[in-house]
Structure formats: structure tokens, C-alpha cells
Amino acid sequence: RFDGHWLVEASETDRRIAKGLPAGNSRAKADGIETRSGQGDGLIVGLLDPTRATELGPRPLDWGTASFPYGVVGGRTNVLLTHPTNPAVAWAGSDGGGVWKTTSCCDASTTWVNTTDNSATLELIHNSAIGDLTLDPNNPDVLYAGTGDLRYGSYSFGANGVLKSIDGGNTWEAKGTDVFNPFYPPSANGVPQYQAIGKVAVDPNNSNIVVVGAKTGVFLSYDAGDNWTGPCLSNGFTTQRQDTTGLILSNLGGGVTRILAAVGTRGFETAVQPDLNQNGANGVYTATVPASGCPTDWALVSRGDNGWPAGTGGGAPRPANTVGRIDLAVAPTDL
């Protein structure tokens, strides 16, 4: 049965967001491509012509049943990962569809195989959400998948551990299910919440070190996923939400690995998750990976004197902190 309450809730939140373009900007569409003029002249902001895109899958999009479509489905694709040396190999992670693998990427004839559904060893994560996929930079046959949906559905898929594969994503084993499970303590008003993993990364200097960004902060494993330390908070604002939406590990040389972690709670409360507006911790933080335990040298990157909006990472929630969800990228030649 369709429940329209989520649509009403989403519409109320959407109305709070101002519509329009920055002053001095305009849009134009030609030959199926929309461009924006003004600041950043000629920036391509979207391919609007569907005939220019090739649908690659995975499929089916639904199970074809008259009732709720349980079964093997493609789901909502959240993350794509390609093999570093073989462009024909790729993996996709989705909500409701688990992990899919192809060895025939990427054209109209691409086919996918689901590698997590209907597995006896993964019974508890059947059709689970995959929030992120990563591979060991030192061994592309080793992959990790973070479970759960950290994309702000009020009642979305909860986490069921970190999935690990040592055979190129063909089979998986669930790790840390006692730490990354579907529930965590409710907010102050007693509304149940859920745990989810947004990001997972492997230390380029040490394949035994795996770092996870979840709804409750950063977690580290020093034994390739068997045991976990955390939550490690990148800031001192313990009453603020710690949704980790960005996570990058960079090799700084000399065996030193830097963590960049973004806290990116969206900033608008909902009827089911009234604490989503507690986004005062939102910002980008950095630390170095320690030999054990939680990092102790966290520092705020997104400071006002570094070009970020005032209030970012300051602890005061919206409207003092206007930054919402944060995604991260690092230039490969300038760390």
C-alpha cells in the first residue's frame, strides 16, 4: 500500500529552499544540452536529452509481481566502482538490490550478476541497501561494501555490517554486524533512528586499516574488518548529529595517511527524524590515521578563513550553519 505521507513531508521541506539562479546567471538549452552563463560561463549543468544516454542496468527494476516487489531487483543505484586496470569490470551498489558485478562494461550489451542476494551466508542482508563500495588500493580483488542508506529517507534501510569480498566481489562475508546494525539509540524525543554507512575506505599504506563513515561518526578497523573502534567524533559537538557523508584517505608519504571526513546532516527536520536540523557539526575535518584507537588530531578544514560560510563546523545548528550534505573529492596530483 502506498503511503503518501512521505510526499507531503518532502513537499513541506522543499518549500523552504529558495528557488532561482545566482544573480547575473542565466540558462539556455541547445541540442539537448543545458548551459549556464554568468559565473562559470559555458558550464554544462545537465544532459537533458535521454537519447544521449545508454542505459546499462542492472535490471530488473522490479520483480514483476502484483504485490510489493520482493525479489532480485536492480534497486536505486547509489555507487559505481570500476576496476583500476580492467575497464570491463565494474560493480554497482544499490538500495534494495545489493551488489551487482559486470565483466562486460560498458555499452548497451552490458550484463550484470547480483552477488549478494540469495546467499546463505548473507541471509540477514538480503536485498539490503549498499551505501558505498571501495576496493583495496593494494589488492583490487579485495572489496568492501558499506550497508544501509545514509541518504535521509526518514525510515530507510538500516545497516547490516560491512561486507567484505576477497575474490573480486563474487562472494561476500558480513563483518561488524554487532557495530553496524539497523538501530542506534533514539533521539531526545524518543523517536527511533537507524544506523547506516555512508562511506568506506582502505588505508593506502596499510590494507589492514579500514575506515567507515556512518551516521554516528567515523569507525576504524585495524584487522581488515574483523573488529572496530568507534564511533570516533571528528569534533567536540556531541549533541549534534554526525552523519558522515564524505570520506577520503590520502597517502601523504612517509607512511602517513590523512583522513578527510565530512559531516553533512541535511539541516531540515522531519516528523520522523526531528533531529535532522541539528547540523551544527557540519563541516570538513582532517586527521591522521593512528596506529590504534581513534584519531586525536582532528582539525576543522572548512573554516571561515579558508573560504567557507561563517558558522560551518561551529556547533550551532541551522540557521547558523547553512551547510547541508557534503561530498568530497581530492585532486590526485595535489593532496
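So which residues in the range 201-243 are small (Gly, Ala, Ser) and surrounded by fewer than 21 Cβ atoms within 10 Å (Cβ to Cβ), if there are any at all?
Ser207, Ala224, Gly230, Gly236
Residues of the range 112-149 being part of a loop (DSSP other than H, G, I, E, B), modelled with pLDDT of 85 or more and at negative phi, which ones?
Hits for the range 112-149 are Trp112, Thr115, Thr116, Ala129, Pro137, Asn138, Asp149.
Take the residues in the range 90-101 that are assigned to a strand (DSSP E or B) and of a type outside the set (D, E, K, R), then tell me which one is farthest from Phe157 (Cα to Cα).
Within the range 90-101, the match that is farthest from Phe157 (Cα to Cα) is Ala90.
Do you know which residues across the range 157-171 are in contact with a Leu (Cβ under 7 Å, 6 or more places away or on another chain) and under 20 Å from Ile209 (Cβ atoms)?
Ser165
Name, by its number, the condition in (1) under 21 Å from the mean Cα position of the chain (by Cα); (2) part of a loop (DSSP other than H, G, I, E, B); (3) modelled with pLDDT of 95 or more that does not hold for Ala261.
It is condition (2) that Ala261 fails.
Please go through the range 213-231 and pick out each residue that is not charged (D, E, K, R) and not in a strand (DSSP E or B).
Thr216, Tyr222, Ala224, Gly225, Asn227, Trp228
Hey, among the residues in the range 83-119 that are of a type in the set (Asp, Glu) and within 23 Å of the chain's Cα centre (by Cα), which one's surrounded by the most Cβ atoms within 10 Å (Cβ to Cβ)?
Going through the qualifying residues, I end up with Asp95.
One line per residue, one yes/no per condition, for (1) closer than 17 Å to Gly246 by Cα; (2) crowded, with 18+ Cβ neighbours inside 10 Å; (3) at pLDDT 90 or above; (4) β-branched (Val, Ile, Thr):
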{"residue": "Asn279", "(1), (2), (3), (4)": "yes, yes, yes, no"}
{"residue": "Val284", "(1), (2), (3), (4)": "yes, yes, yes, yes"}
{"residue": "Ser292", "(1), (2), (3), (4)": "no, no, yes, no"}
{"residue": "Asp327", "(1), (2), (3), (4)": "yes, no, yes, no"}
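Please work out if Pro87 is at pLDDT below 90, assigned to a loop (DSSP other than H, G, I, E, B) and out of contact with any strand residue (DSSP E or B) (no Cβ under 9 Å at 6 or more places or on another chain).
No, not satisfied.
The values are calculated or read from the model by the stated rules, or taken from the named source; none is laboratory data. All of these numbers come straight from a predicted model, not from anything done at the bench. Counting neighbours? That spans all protein chains shown, and the Cβs are built from the backbone with ideal geometry, glycine included.
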